[in-house]
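One structure is given below, encoded as structure tokens.
Nothing in this text is a laboratory measurement; each read-out follows from the coordinates by a stated rule. For clarity, every value in this text was computed on a predicted model and none was experimentally measured. Note: ideal-geometry Cβ built from the backbone for every residue, glycine included; neighbour counts use all protein chains shown.
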Amino acid sequence: MIARMFLLPLLLCLCWFLYLQVNGYSLKQGQQGFVYILVGSGALLSFMLFMMWVTAPE
């Protein structure tokens, strides 16, 4: 599962891009959304990696 976590921000960015295009917004206007997606996905991935480290068998 963790090996495919890089797909989450790609999929979310694609959805955000499509939303912007459908509603007539420019990429410049939606730039903050991409930042939120990348930061949120990075935080989620960091949490998942931390939990794997904490619960790893020795």
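Annotations
- Top-ranked residue of the range 3-58 - restricted to ones that are in contact with a helix residue (DSSP H, G or I) (Cβ under 6 Å, 6 or more places away or on another chain) and outside any helix (DSSP H, G or I), ranked as surrounded by the most Cβ atoms within 10 Å (Cβ to Cβ): Gly30
- In the range 1-10, the residues that are under 14 Å from Gly33 (Cβ atoms) and among the aliphatic types (A, V, I, L, M): none
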